[in-house]
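Taking it in order: structure first as C-alpha cells, then the write-up.
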Amino acid sequence: MIIWINGAFGSGKTTAAKQLQQRLTNAYLYDPEQAGFFIRDNLPNNMQLPDFQQHPEWRAFNVEMLKKITRSYDGVVVVPMTIVDRTYYDEMIGTLRHDGIRVDHYILHANKNTLNKRLNRRFEWFNSWGKAQIDRCLRAFQHDITHDKIETDHLTVEQVVEEIAKRSGLTLKATKRRSVLRSF
C-alpha cells in the first residue's frame, strides 16, 4: 500500500509523512525527488527541463521503484510529493493503481497566506521555488486534482496524521504528548 501525500510547497507533506512513518508499525518513506536530483546532476544543462517532473524518465523510474518496493515490502510506503499536472498524476498514480497497487492519495491543502507563512519559517523568502509554485498548485488542486483534500490551515501535524490514518484504515502507535501540539 502507498500513501501519497500531495500538496503545495509548505503544506506539510514531508513533516506529516515523517510523523506518519514514525507512528506506523512498518512504514517506509520514499522520496521521488531523489530521482529528480539524479536527472538534474547527470544531464547537460541544455538537456535539462525547468521541472524534473517534465522528464518522462523521472516519472517512469519512480513508478517502477514504487512497484518494486510495494510488491516486496510488507508495510506501508509513504510518498510525500507534489504532483499538480493531471497527466503526470494519471501516469504515475493511475498506473500504480491500474497495476493493482493500492494508492491512497491525499492533498494537504492550505490557503496562500498559510503556505507563505510556513515557507517563511523555512527561510524561503521572496520568490523561492516553493513560493513561485503556490498559485500553480492551488489552481491545480481547485480544478485538476481535486479529491481527497485535508484542510490543514488550523490543524496540527498530529491531527493531519490521524486523519490520514483514519481515512486509510490504519492503526497508529501512540505518540508523545509534545508532538500532539506541534503545528506545521
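Details
- Of all residues in the range 1-50, those satisfying the criterion of being in a loop (DSSP other than H, G, I, E, B), over 19 Å from Trp129 (Cβ atoms) and out of contact with any Asp or Glu (no Cβ under 9 Å at 6 or more places or on another chain) are Leu24, Thr25, Tyr30, Asn42, Pro44.
- His147 being at pLDDT 95 or above and out of contact with any Cys (no Cβ under 6 Å at 6 or more places or on another chain): no
- For Tyr106: the one exception among (1) buried (at least 21 other Cβ atoms within 10 Å of the Cβ); (2) part of a helix (DSSP H, G or I); (3) not charged (D, E, K, R): (2)
- Candidates in the range 70-85 are the residues that are assigned to a loop (DSSP other than H, G, I, E, B) and not charged (D, E, K, R); of these, the one that is farthest from the chain's Cα centre (by Cα) is Tyr73.
- Within the range 114-126, one or more residues are over 18 Å from Leu155 (Cβ atoms) and in contact with a helix residue (DSSP H, G or I) (Cβ under 7 Å, 6 or more places away or on another chain).
- Selection status of Val84, surrounded by 15 or more Cβ atoms within 10 Å (Cβ to Cβ), touching a Leu at 6+ places or on another chain (Cβ under 7 Å) and either closer than 23 Å to Ala16 by Cα or of a type outside the set (Asp, Glu) (or both): no
- Those residues of the range 130-155 which are in contact (Cβ under 8 Å) with a residue 60 or more places away in the chain and either farther than 17 Å from Arg118 by Cβ or over 17 Å from the mean Cα position of the chain (by Cα) (or both), in sequence order: Asp144, Ile145
- The conditions of being assigned to a helix (DSSP H, G or I), on the phi < 0 side of the Ramachandran plot and touching a residue at least 12 places away in the same chain (Cβ under 8 Å) are met by Tyr88.
The values are calculated or read from the model by the stated rules, or taken from the named source; none is laboratory data. As the structure is a computational prediction, the values presented were derived from the model and not from experiment. For neighbour counting, all protein chains shown are included, and Cβ atoms are generated from backbone atoms with ideal geometry for every residue, glycine included.
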